[in-house]
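Worksheet: one structure, shown below.
The values are calculated or read from the model by the stated rules, or taken from the named source; none is laboratory data. In this text the structure is predicted, and so the values were computed from the model without any measurement. Cβ: placed from backbone, ideal geometry, glycine included. Neighbour counts: every protein chain shown. We work out accessible area using only protein heavy atoms, side chains counted, and drop any ligands, DNA or RNA first. Shrake-Rupley method; radii C 1.70, N 1.55, O 1.52, S 1.80 Å.
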Amino acid sequence: MRGPSRRLLLAPVTITATKPLLPTHVKGFLWVDTLFRSTRLVRDLEYYWNPRAANLTGQTIQFWDHLDRRHPDLDHDTVSVEDLGHLYVRFHASGDARPMDRLRHYTERVEREGWVHPSTRAATRDWQRQLGLLGVHDPGLTADRPAAASIDETVELLVRRHLCVDHRGHGGPAYLDGTRWGMPLRPVIGADGHANYLLVILRDLLPRLAEGGQALLVYDDDLAHDYALLARVLGELGARPSRLPLGRVPIGRAARSSRYGGWDGHSLGRLAELCLREFDPAVYRLGMRLYFIAMLKRTAAEPFRPDLLRRAMRRAARMLDEAGGAGDGDDLLAYLGGFAAPGGWIDPYRLTDGLFARRPSSDLLKQVYL
């Protein structure tokens, strides 16, 4: 029998499909996938991923514009996602980004018809292949999901609740106002009229969260200040948000955004190639989860280590060989309930770390990890 009947909205921050999936991205997808697959067994859960949220960001649209101007003959059907990522790194180093008020034709197409640039379509196809091989549930990477509310509707609601300072009528920006909680004003619409990712998230979440609705926000720890403000705003408007920040996975000594480079040889495609030379797909799926969830933990700054990943693969192989019988379905639900966080979702770290302490059932492995 299921637990609480109220639906939990699982809302991870979206990632721009402008480069290959790298260790930090892999960690995020595996944490969210394990959380989703375990939690949905014990309560009503919606995993909400909106590609438009990433496709409306300035860094994505400015990169699309750069490609169209500087690489008009690029064959997006044949360029590798790694080469696309290298173009993305060079773009950010070049200073070639044009002002957003000159790129409204891109945002208007995304808003009006869900248009996606061919480069991002190609990168998303590669992500789907790699995540499928990893056994990760596709949350809707290619889905067309218009925002549930317009920019004006969202700003008007926020202004009515004294949560937004709107200077657009005077040619200025609009700000989220968290000063009542001791937080600084946070721009969400620039003087150029472009809305940033926070407002896009609010456009999606506010209409979906009825009074008292629960949401779990999963995000990069570098965005902690923004998400603390976002959670305050959602709570003020009647929702019940909880937060799950995840630390980046350093490559070498650097824990930084993929836009700065330094990630060659660490794409998910490369990791899969190395692991699957020696281990079968089930071991690869479980071993990646053991490493990125239990061994790297939530916020640990441990750099990516191939030797530890290989150790996780060997441990996964032993776990699969020694797994217990399927057991009773009610036993599995009771077991999962022991790893519930206060917000009602199953804690991926505690659940996965628990695999090292006891022989896992084949039912748990099949339903949550494989």
inquiry  = Just the number please: accessible area per residue for segment 223-370, 1.4 Å probe, all protein chains included, in Å².
reply    = 47 Å²
key: Magnitude of the charge dipole, segment 193-257, Cβ model with Lys/Arg +1 and Asp/Glu -1, debye to 20   = 160 debye
remark   = Out of 185, 48, 16 - ranked by how far each Cα lies towards the positive end of the dipole of the chain, with unit charges on the beta-carbon of charged residues - the top one is 185
inquiry  = Of 267, 81, 91, which is farthest towards the positive pole of the chain's charge dipole, taken about the Cα centre with +1 and -1 on the beta-carbons of Lys, Arg and Asp, Glu respectively?
reply    = 267
task = Could you calculate the contour length gain from residue 253 to residue 113, that is, 0.36 nm times the residue separation minus the distance between their Cα atoms, to one decimal place in nm?
result = 46.2 nm
request  = Work out the length of the dipole vector of the chain about its Cα centre, built from +1 on the beta-carbon of each Lys and Arg and -1 on the beta-carbon of each Asp and Glu, and round it to the nearest 20 debye.
outcome  = 800 debye
note = Of 276, 22, 286, the most mobile residue in a GNM of the chain (C-alpha springs, cutoff 10 Å) is 276
query = What does the charge count near residue 323 come to, summing +1 for each Lys or Arg and -1 for each Asp or Glu among other residues with Cβ under 12 Å from its Cβ?
reply = +1
note = the chain: relative contact order from alpha carbon pairs under 8 Å, six or more residues apart, as a whole percent, is 21 percent
task = Please build a GNM for the chain, connecting alpha carbons under 10 Å apart, and tell me which residue among 110, 42, 79 fluctuates the most.
result = 79
query = ³J(HN,Hα) across segment 337-353 via Karplus (A = 6.51, B = -1.76, C = 1.60, θ = phi - 60°), whole Hz, x for Gly/Pro?
reply = x, x, 10, 6, 7, x, x, x, 9, 7, 6, x, 5, 4, 5, 6, 4
key: Protection-proxy order for peptides 9-16, 138-145, 363-370, each taking the mean of Cβ atoms within 10 Å per residue, highest first   = 9-16, 363-370, 138-145
query = How far is helix 58-70 tilted off the main Cα axis of the chain, in degrees rounded to 10, range 0 to 90?
reply = 80 degrees
query = In terms of modelled amide H atoms, which long-range or inter-chain residues lie less than 5 Å from the amide H of residue 246?
reply = 219, 220, 221
key: Which of 349, 106 is most accessible, then next, and so on - probe 1.4 Å   = 349, 106
Which of 319, 295 is most accessible, then next, and so on - probe 1.4 Å = 295, 319
key: Fraction of accessible area attributable to carbon and sulfur, segment 81-227 (%, probe 1.4 Å)   = 51 percent
query = Ignoring ligands, DNA and RNA, what accessible area per residue does segment 146-192 give at 1.4 Å, in Å²?
reply = 55 Å²
key: Charge context of residue 300, other residues only, Cβ under 13 angstrom, K/R +1, D/E -1   = +2
inquiry  = Helix-only mean residue ellipticity at 222 nm, the chain, DSSP H runs n ≥ 4 weighted -39,500 (n - 2.57), per residue, nearest 500. What is it?
reply    = -13500 deg cm²/dmol
note = A chain fully extended from residue 128 to residue 104 at 0.36 nm per residue, minus the present Cα-Cα distance, gains in nm 5.8 nm
request  = Compute the distance in nm between two label points, each set 7 Å from the Cα along the Cα-to-Cβ direction, one at residue 282 and one at residue 236.
outcome  = 5.2 nm
key: Rounded tilt (10° steps) of 104-113 against the dominant C-alpha axis of the chain   = 60 degrees
